[in-house]
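What follows is a short report on a single structure.
The values are calculated or read from the model by the stated rules, or taken from the named source; none is laboratory data. Being a predicted model, the structure only gives us computed values, none of them experimental. Heads up, the Cβs are rebuilt from the backbone with ideal geometry, glycines too, and the neighbour counts pull from every protein chain shown.
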Amino acid sequence: MTDLKEIESRHISVLLDELVDSINITDEKKNIIVDCTLWMWWHASKIIKKMNPWDVFIWFDADIQNLELAKIRLDKINTNNKIEIILINSNFINLKDELEKKWINKITWIYYDLWLSSLHLDEADRWFSFMLNWPLDMRLDKSSWKTAADIINGYTQANLREIFMKYWEEPWSNKISARIVEHRKKEKFKTTTDLSEIIPGWPKTKSRIFQAIRIEVNQELEAIETSLKDAIKLLEKNWKIFVISFHSLEDRITKHIFKKETKDCICTDLICSCGHKKSLKVLTKKPIIPTDEEIKENSRSRSAKARCAEKII
Ligand SMILES: C[S@@+](CC[C@H](N)C(=O)[O-])C[C@H]1O[C@@H](n2cnc3c(N)ncnc32)[C@H](O)[C@@H]1O
């Protein structure tokens, strides 16, 4: 029997009020709101209270286990089944295709609370703790084919170095990728301990290497980039997108995509040949960050940054 109370107590939402307060609901038509990273539905359960009975709320999560738990909790959140809720077990990289399947081509609000849930971080079998001995997997979506072991045992030394540099600018990238290749000539990597043992230095280095592999396994940055671009296209005029990120690269991607969408031309030709039209107004000149109080209550919130923008065409 799933102990929901215990699970709920292990996850605290980040920037909860900031996200919920930024949502405006209209009474004049159907609000179609998308939560791209549902998990513990803390954000969703507050937002649902603001919605009208004729509205639609779409919940994405790549992790089937998280959606199953949300289903159990659904009646409590959606009292009287007042709102149409659509659960989609998919990576948000498939946002456009998944919505098309439901005949939805316009949305009025979309938000992302990137990163993992606290439960993922606590469950080392699926995630990246180097302190426990588990199979090298790290897949968020268990149906995808590439595991951490595939990367560690299969990527070339140059490719390994590239991901360690790209995702964390890890100064030991060269040395660690060489060690990995050396070790696997004798024996394939099977567990988190196998990997942890050959990474020299401090816990910070191990943590960075493990996170870089997790980002690569789940193609996290590509997913964000593709999904944000599609989300902006799907948004109706005057409606908003809100993104909470925890990794500087995620925030940089969000910032760049938003910035690009505030420009009328994005090519370098003397006479514009791209025909790009600005589609967004950025509402957060500086990212929103947690208050000292929130960080005190939940130290995992300390690296959070949120950006919000409004569709203008
Ligand atoms: C930080 S939690 C969300 C917490 C939630 N907003 C709340 O208030 O409780 C992030 C969730 O997003 C999911 N997730 C992460 N990356 C994803 C992706 N690319 N596609 C779909 N879901 C993803 C994870 O499985 C996790 O459940």
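A search for C-beta distances below 6 Å between a residue of region 22-47 that is modelled with pLDDT of 95 or more and any residue that is small (Gly, Ala, Ser), counting only pairs 6+ apart in sequence or on different chains, returns Asp35/Ala44.
If you take the residues in region 62-89 that are in contact with a Phe, Trp or Tyr (Cβ under 6 Å, 6 or more places away or on another chain) and at pLDDT 85 or above, which one is farthest from Tyr112 (Cα to Cα)? Filtering region 62-89 for residues that are in contact with a Phe, Trp or Tyr (Cβ under 6 Å, 6 or more places away or on another chain) and at pLDDT 85 or above, the one farthest from Tyr112 (Cα to Cα) comes out as Ile83.
Within region 153-208, the set of residues being farther than 17 Å from Asp137 by Cα, of a type in the set (Phe, Trp, Tyr) and in a loop (DSSP other than H, G, I, E, B) comprises Trp172, Trp202.
Within region 71-106, the set of residues being in a loop (DSSP other than H, G, I, E, B) and more than 19 Å from Asn31 (Cα to Cα) comprises Asn89, Ser90, Asn91. Considering region 240-291, the residues that are crowded, with 17+ Cβ neighbours inside 10 Å and among the basic types (Lys, Arg) include one that is nearest to Arg302 (Cα to Cα), namely Lys255. Note on region 41-74: among residues that are near the ligand (Cβ under 10 Å from one of its atoms) and surrounded by fewer than 18 Cβ atoms within 10 Å (Cβ to Cβ), the one that is farthest from Asn89 (Cα to Cα) is Lys46. Can you name the residue in region 15-40 that is over 21 Å from Arg307 (Cβ atoms) and either crowded, with 19+ Cβ neighbours inside 10 Å or not assigned by TED's automatic domain parsing to the domain that holds Ile85 (or both) and is also nearest to the ligand (Cβ to nearest atom) among such residues? Of everything passing the filter in region 15-40, Met40 is nearest to the ligand (Cβ to nearest atom). Which of the residues spanning region 242-278 are aliphatic (A, V, I, L, M) and free of Cβ contacts under 8 Å to residues at least 12 places away in the same chain? If the condition is that a residue be aliphatic (A, V, I, L, M) and free of Cβ contacts under 8 Å to residues at least 12 places away in the same chain, then Ile266, Leu270, Ile271 are the ones that fit.
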